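The structure appears right after this line, and notes come after that.
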Protein chains: 2
Amino acid sequence: MKVIVIGGNGTIGGPVAEALSARHEVIRVGRTSGDHRADIASSDSIIRLFEALAPFDAVVSAAGLARFKPLEELTDEDFAFTLANKLMGQVNLVRLGAKYIGDGGSFTLTSGVLSTEPMPGSAAISLVNAGLEAFARAAALELPRGVRVNVVSPPWVSETLEEMGQDGSKGMPAAEVAAAYVESVESRRTGETLDVRAFRAR
Amino acid sequence: MKVIVIGGNGTIGGPVAEALSARHEVIRVGRTSGDHRADIASSDSIIRLFEALAPFDAVVSAAGLARFKPLEELTDEDFAFTLANKLMGQVNLVRLGAKYIGDGGSFTLTSGVLSTEPMPGSAAISLVNAGLEAFARAAALELPRGVRVNVVSPPWVSETLEEMGQDGSKGMPAAEVAAAYVESVESRRTGETLDVRAFRAR
């Protein structure tokens with residue numbers, strides 16, 4: 001399959017692209033690096049990407065900026081930014097990509113454990129993660145031509161915790177998150193939220 | 001308690017305001033009718049409302065416009081409208097109201113069964129309903145002074161089904177949805193999603 005990995009050089013997207021490369025043609029897309037460039041907060045940028053790469057069989061998104069801040073410090077702009085990037089950026093990959101993707105193709109988006117396990121500072125991110133999961137459940141009912149959509153929910157990743165100055169051993173190494181993304185691409189699942197921890201445990 | 005019911009003349013908000021009136025001072029707020037007027041899609045309108053009504057002990061929202069349409073007919077504007085009204089309108093009641101509400105006060109927002117039980121046409125609404133529920137789970141961890149926030153998730157209401165030209169007997173009469181809202185206002189619950197069907201079943 002020809003698989004587009006958005007955020008394919010990122011902390012999670014990098015290992016995902018590597019795992020998919022074993023059996024598929026992988027195109028890595030980033031905002032500032034990669035085989036192709038795209039900014040998912042811009043519909044025009046998404047359309048240009050899909051026009052350039054069609055036909056393709058799968059889109060995997062490990063992208064989507066979001067703001068983590070104490071509730072009373074989250075501004076209108078922080079919510080707008082998080083909704084435009086992690087939420088609608090990924091929703092628009094599906095809405096706009098549905099025209100270009102091959103029959104039976106798949107979209108795999110990224111939410112995260114804060115959807116169901118919030119912590120102080122996560123109000124905007126918890127909102128968008130849960131919104132993405134519900135969007136996928138609903139959109140799966142309507143996508144044409146056997147096209148599928150799932151969301152992968154990673155736990156805290158060791159590398160991200162270390163970047164935040166915290167104990168990386170409390171997270172999962174990024175290299176171990178890839179299995180759930182591969183399952184979403186290669187299975188017939190649709191409308192699901194795949195909990196990365198459940199896939200590593202198998 | 002002094003309770004502000006946003007959408008207090010609506011299909012759900014009307015019976016909720018009536019049920020709360022048995023033990024509380026209720027102020028009904030609508031976009032176009034009611035004791036006070038407010039448009040929750042406007043932060044300025046929300047602030048004017050709270051400035052006029054403070055101090056108060058509880059805010060109940062049975063408001064929030066949203067667009068129900070086949071996925072491929074949902075436009076950018078439909079998503080933006082639904083995010084600005086039902087989602088951020090209700091989120092902003094909490095963010096902006098937290099400064100005005102009394103110690104131990106509560107916010108009660110409205111999502112809906114499409115959060116977890118989607119149907120064709122519900123992609124935007126499922127997204128915002130689940131986003132609201134996750135926002136409440138997260139915000140409950142950070143609200144100051146014992147202030148609480150819950151979301152009530154009503155099923156399809158008979159009156160709404162009838163307005164849509166469908167069989168009202170497949171829904172719940174609006175008068176029966178009020179119990180979950182009263183529980184949110186009067187209990188010590190916080191961060192929860194209250195399923196209206198579970199409360200009627202008691």
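The values are calculated or read from the model by the stated rules, or taken from the named source; none is laboratory data. As the structure is a computational prediction, the values presented were derived from the model and not from experiment. With ideal geometry, Cβ positions are generated from the backbone for all residues, glycine too; neighbour counts draw on all protein chains shown. Calculation scope for accessible area: heavy atoms of the full protein, side chains included, ligands and nucleic acids excluded. Shrake-Rupley method; radii C 1.70, N 1.55, O 1.52, S 1.80 Å.
Figures for the structure shown
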| item | result |
| --- | --- |
| Qualifying strands (runs of 3 or more DSSP E) (wholly inside segment B:1-88; at least 1 residues being of a type in the set (Gly, Ala, Ser) and open to solvent by less than 40 Å² (accessible area, probe 1.4 Å)) | B:25-30, B:56-61 |
| One residue from A:Ala66, A:Ala62 being out of contact with any strand residue (DSSP E or B) (no Cβ under 8 Å at 6 or more places or on another chain) and more than 11 Å from every other protein chain (Cβ to nearest Cβ) | A:Ala66 |
| Conditions (1) out of contact with any helix residue (DSSP H, G or I) (no Cβ under 7 Å at 6 or more places or on another chain); (2) crowded, with 17+ Cβ neighbours inside 10 Å; (3) of a type in the set (Asp, Glu); number of the one not met by A:Glu183 | (1) |
| Residue selected from segment B:112-132 under the condition open to solvent by 10 Å² or more (accessible area, probe 1.4 Å) and in contact (Cβ under 8 Å) with a residue 12 or more places away in the chain, by the criterion farthest from the other protein chains (Cβ to nearest Cβ) | B:Val113 |
| Pair list, Cβ < 8 Å and 6+ apart or interchain, from segment A:25-46 residues that are of a type in the set (Asp, Glu) to residues that are open to solvent by 30 Å² or more (accessible area, probe 1.4 Å) | A:Glu25/A:Met1; A:Glu25/A:Lys2; A:Asp35/A:Arg28; A:Asp39/A:Arg31 |
| Unique residue being closer than 30 Å to A:Leu96 by Cβ, open to solvent by less than 10 Å² (accessible area, probe 1.4 Å), within 14 Å of chain B (Cβ to nearest Cβ) and touching a Gly at 6+ places or on another chain (Cβ under 6 Å) when the list is A:Val157, A:Val151, A:Val147 | A:Val147 |
| Residue list for segment B:160-174, restricted to those being crowded, with 16+ Cβ neighbours inside 10 Å and in contact with an Asp or Glu (Cβ under 9 Å, 6 or more places away or on another chain) | B:Leu161, B:Gly168, B:Gly171, B:Ala174 |
| Boolean, B:Val128 is part of a helix (DSSP H, G or I), touching a Lys or Arg at 6+ places or on another chain (Cβ under 8 Å) and under 18 Å from B:Ser42 (Cα atoms) | yes |
| Failed condition for B:Arg95, given (1) within 24 Å of B:Pro144 (Cβ to Cβ); (2) crowded, with 24+ Cβ neighbours inside 10 Å | (2) |
| Test: B:Gly8 is farther than 22 Å from A:Leu127 by Cβ and touching a residue at least 12 places away in the same chain (Cβ under 8 Å) | yes |
| Filter result (of a type in the set (A, V, I, L, M, F, W, C), part of a loop (DSSP other than H, G, I, E, B) and modelled with pLDDT of 95 or more) within segment A:147-182 | A:Val147 |
